[in-house]
1. Output the residue which, of all residues in the stretch D:308-340 that are surrounded by fewer than 20 Cβ atoms within 10 Å (Cβ to Cβ) and more than 11 Å from chain B (Cβ to nearest Cβ), is modelled with the lowest pLDDT.
2. Just to verify a result, which residue in the stretch D:233-254, among those that are more than 8 Å from chain C (Cβ to nearest Cβ) and among the hydroxyl-bearing types (Ser, Thr, Tyr), is farthest from residue D:204 (Cα to Cα)?
3. Please go through the stretch A:87-107 and pick out each residue that is outside any loop (DSSP other than H, G, I, E, B) and at the interface with chain B (Cβ under 9 Å from one of its Cβ atoms).
4. Read through the list (1) buried (at least 21 other Cβ atoms within 10 Å of the Cβ); (2) of a type in the set (Phe, Trp, Tyr); (3) touching a residue at least 60 places away in the same chain (Cβ under 8 Å), then give the number of the only condition that residue D:207 fails.
5. Scan the stretch D:255-272 and give yes if some residue there is closer than 22 Å to residue B:90 by Cβ and either polar (S, T, N, Q) or at the interface with another protein chain (Cβ under 9 Å from one of its Cβ atoms) (or both), otherwise no.
6. Is there a residue in the stretch D:217-227 that is in contact with a Gly (Cβ under 8 Å, 6 or more places away or on another chain) and more than 14 Å from chain C (Cβ to nearest Cβ)?
7. In this structure, is residue A:184 within 14 Å of chain C (Cβ to nearest Cβ) and acidic (Asp, Glu)?
Amino acid sequence: MSALLEARGLSAGYGQAHVLHGVDLTIEPGQVVVVLGANGAGKTTLMRSLAGLLPYDGELRVDGETVGAVRPDQMVARGVSLVPQGRGTLTALSVTDNLRTGAVGRRDASGVQEDIDRWFTTFPRLAERRHQVAGTLSGGEQQMLAIARALMSRPRLLLCDEISLGLAPVIVQGLFETIRGINEEMGTALLLVEQNAALAMGIASYVYLLEVGRVVQSGAAESFAQSDSIRRVYLGY
Amino acid sequence: MDIFLTRLISGMTAGSVYAMIALALVVVFRSSATINFAQGEFALFTTYVSWWLTQHGWNIWLTLVPALGLGFVMCAVAERFLIRPVRKRDETAVLIVALALFTGLNGLAGWIWGSDDKVYPRLVPIGDDSFLALGGARLYYDSIFVVLSLVLVVGALSLVLNKTGLGLQMRAVATNPESASLCGIKVGRIFMISWGLAGVIGSLAAAILVPVLPPGQLGLPGMFHMLIFGTVAALLGGLDSVKGAVVGGLSLGVGLAMINGYGSFFGGSISLTVALVVIVVVLGLKPNGLFGSRRLERV
Amino acid sequence: MLKVSEVVLDFGGIRALDTVGFTVGDGEICGLIGPNGAGKTSLFNCITRIYQPDSGSITFDGTDLLGLRRHQVVRHGIARTFQNLALWPKLTVLENTVLGAHSLATPRLVPSAVAWPSTRAARKRVDLRAWELLERLDLLDLASHPAAGLPFGTLKRVELARALISEPSLLLLDEPAGGLTHAEVDELAAVVQGLQAELGFSVLLVEHHMGMVMSMSDHVVAMDFGRTIADGTPDEVKRDPAVVAAYLGTAA
Amino acid sequence: MTTVQSPTPTPTPERPARPAARSGPRVVVRGSGAHRAAQAVVLVLLAAVVIWGGSLDPFGQGQLTRAAIFALAIMGLNFTTGYVGLLSVGHSAFLGLGAYTTGILVVNYNQTAISTIPWAMLVCFLVGLLVGIPALRIRGLYLAMVTLALGVAFPEVVARLDGLTGGAEGMTIRRTLLRPPDWSGFTLGEKDAWLYWLTIVLLVVTFVVVRNVISSRYGLAMHAVRQDEVAASASGINVAAIKLVSFGVSGAITGLAGSLFAMYIGSLFAEGSFTVLAGITLLIGLVLGGERTLAGPIIGGLAVVLIPYYTSGIGQGQASAVLFAVVLIAVIFLAPEGVAGGVARLARRWVVVVDKRPESIGRGR
């Protein structure tokens, strides 16, 4: 059986600079994978390429099938959904409309409504604010909304780019418990880019360490936790 | 009082037309953050088609079907094949392509149908007594028709935007194209549809305005000033706001009618300049117009 | 001496900076650390007048920075680099560097138009200084290359050259090590320390690379959620429980 | 010796300590003998064209004069729209303002034509500064709209001020008022030849001035403002001042063209020559020729004068507008940087020019 998502020799860059230099990465169905790396290592660039937002060189396979130049909507159709860094909610739309927008690719109206209710149950704070415009939500609420919206397409792989960014520890804790639950209940694979390494490693089974646009080390999460790599990246000694 | 009413009515009539053109511009701007400078010339072309069909015995109302359809197709195709490939490059490139379409379509209409003015039939025939007397002022039926058309277009547009799946996607793209694409929306298709819709609204506006506004005939240079009035209206209201386009269009129409009527100092010939000065002032104070959404500058 | 006190910055209801305060002494290297979103870059943007704080004061050698306009900040001796690069992609590395000297020798239109000798002399002087800095930062071979398309880490060095050519008395570095390998980080730290010893400027350094911050800094300020959570020597800050929690999360 | 990295667009390794590859483009150092020689060849060729133009029949020479005037006007537009990125659709107003300043001074105040040129430039410079003010807050297409307003307003204002400008009737400058000055050696009968040479000289002078500015650090600052305002201000560049002044200078140069245009055409109709359509023509000429290039405005001036002339015979005249549009779109798609930019890009495949490294640099390597 082929991997859910597989990248071979992925290179990309944008704006003024080349950032990724040939990254190899594999995600199996239902697996939780974390990508660690210092700022500027290319984590966000990697996520954006995988989501179809950035043109790339190299090969990208979903379910063993090579995808060429892709757009984000095509990746969503293949079951890969991104929660972008900095939330990326549709700020002018209401909370409910944000969730409905997340399901535009789906044809089952009743299933969509079920899912909306489901995420409102998971995130009661969103339910309270369902008619509010997303731009007026707090940072943590927007992050919940971004996750729920990405899940509305029923992805098989959820790409989470720094979902803990700028959030208080207690909220981050809650978010991680939620996505771990989603992974366990629905079998949604997760690819996490996270500066909060300890937290991410707590739920991941496999780790990639990115340095200056290259994978310098990868392996099972348990072996990583003891290695010096984390210490080196995050504490510098 | 009668004179005031008369001026108010003519201002509302003209304003409704400006508002409609402004709406077309707003629909385009909301999706692709561009001002379509060729919007007026697209409408001019489809109105020529409509005129040409009436010359072949078609009923004027019936000609609107192919004319509006053509408006949709032309604008959608232009977006896909001429505008989108250069959008990423810079604003100048988009502007130049729009200006090329502007000259090209105008020339094409002249090439096919000649540069003499055409008598374009009224959608609502009017005679000497086709008006309601309003305390001495005359409210002609075609004025009512123009205002009603605006109400209808705004109603339909709001319905589409707020009550349909397509509208949800259009609003999502207007808010943030990248986030919208991450939701699985085919952003390119929404661009095309938005441009097409704008083409329909513009074509309809042109068919309505030609007999009503001076010079009352269909001529090659006619749409350019209308486009400028429409743009002024759209800018006044904020380029991304439907409500703004309507308020902007109506206040521009009424304001100009009053200036032309009462402001003898300015005189008729300079009304466009006055309108544009107002715009520069408004943009200086509120760079995003009266109802436009604010954008934060970030580094 | 840079003095930041009680600075508050709100962003549409979200408080990016919440009564931040610290000082950077003359000739001192001050590290500023904290997780992403803690408000470090926002603070830089307040100092360089890109953002207007809602309250608080920022002074430099007695000058109230909040009374200046953006382009005047560098004239008072404060130069910066940007986290996500703010170079001119179509200009060459040399031209990017030369532009940094704008505040030192401001070119005037009319003398430039007639190619007045003093203009040419100033150009020659600035060019020479730019070449020297490019040599110092190992960018000589790329001088005529447009900035667009160079690796991230290289462009960070170009930004450093552009900041240094203005002969700053305070250098604000926003993640200078981003996109560098570990060997390059050490090299960069050595270059910055060398230049600092030679030219005597102070440095405010935002960096996630703890090795670099801790080895270079005279004192370290830690931020989280827009607040100063620790301020002291590298060793003190490293052991501060609040800092450990902010960096490693509550799970650690 | 100097070894230099060739600026190819491919990703460059961190430290390519290698001499310029032999198979790549030839590297020429700025200011070296080869560079100077190439410049000299271009200069000689241009001089030959100008002298040939001087010997043409009156009609051909008139067309060249017209093209040179438009080249000047586009050069003015390039100064702010090209280099600083302030999009202007309404530069027709500066063309008209310059023309009417000359017309009014000559007809109403009895000045000699050539003495009105500084006044035309001054008036346009001041109006340019004024128009530059909105550019401080507004950018892109919004700014295009403000300048469009300027272009639309100009003919209306001229029509309004009929005491001064002749209003909608227009203003005629009698041929005798445009007599070449005595010191020039040209007679009244040689007025057209005089205007040709006057235009060419002013074009050359303006070209040199613009080139000086653009290649100076002031010019670099203009580039910097266009590409990244935040970075520019962080480097101490007064973004507002650059924008205002560039708009003023741009207006002055286009006003100079307008002044010459008044002498060339002799009768001024605001509704004819100076509508916003003329402003659009200037912008089109700039894009066709190549924004941010020195040669672009000259190519653009030739294009907007000669293409419509040679294509007007096709179809019923309206077809030339269609053809013009097609050419324009083709240029946008095939040569995004315009003709001059496209040629330069092609040339970079063979030759690249690099900066000269000072003697004292890189010795230790």
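The values are calculated or read from the model by the stated rules, or taken from the named source; none is laboratory data. In this text, all values refer to a predicted model and were calculated from it rather than measured experimentally. Don't worry about glycine lacking a Cβ; one is built from the backbone with ideal geometry, like all the others, and counts go over all protein chains shown.
1. Among those that are surrounded by fewer than 20 Cβ atoms within 10 Å (Cβ to Cβ) and more than 11 Å from chain B (Cβ to nearest Cβ), it is D:313.
2. D:246
3. Selection gives A:97, A:98, A:100, A:101, A:102.
4. Every condition holds for residue D:207 apart from (1).
5. no
6. Within the stretch D:217-227, not a single residue is in contact with a Gly (Cβ under 8 Å, 6 or more places away or on another chain) and more than 14 Å from chain C (Cβ to nearest Cβ).
7. no
Residues are listed down the side, and each one gets a yes or a no for (1) over 29 Å from residue D:140 (Cβ atoms); (2) of a type in the set (Asp, Glu):
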position	(1), (2)
B:89	no, no
B:97	no, no
B:100	no, no
B:111	yes, no
B:116	yes, yes
B:120	yes, no
B:123	yes, no
B:126	yes, no
B:131	yes, no
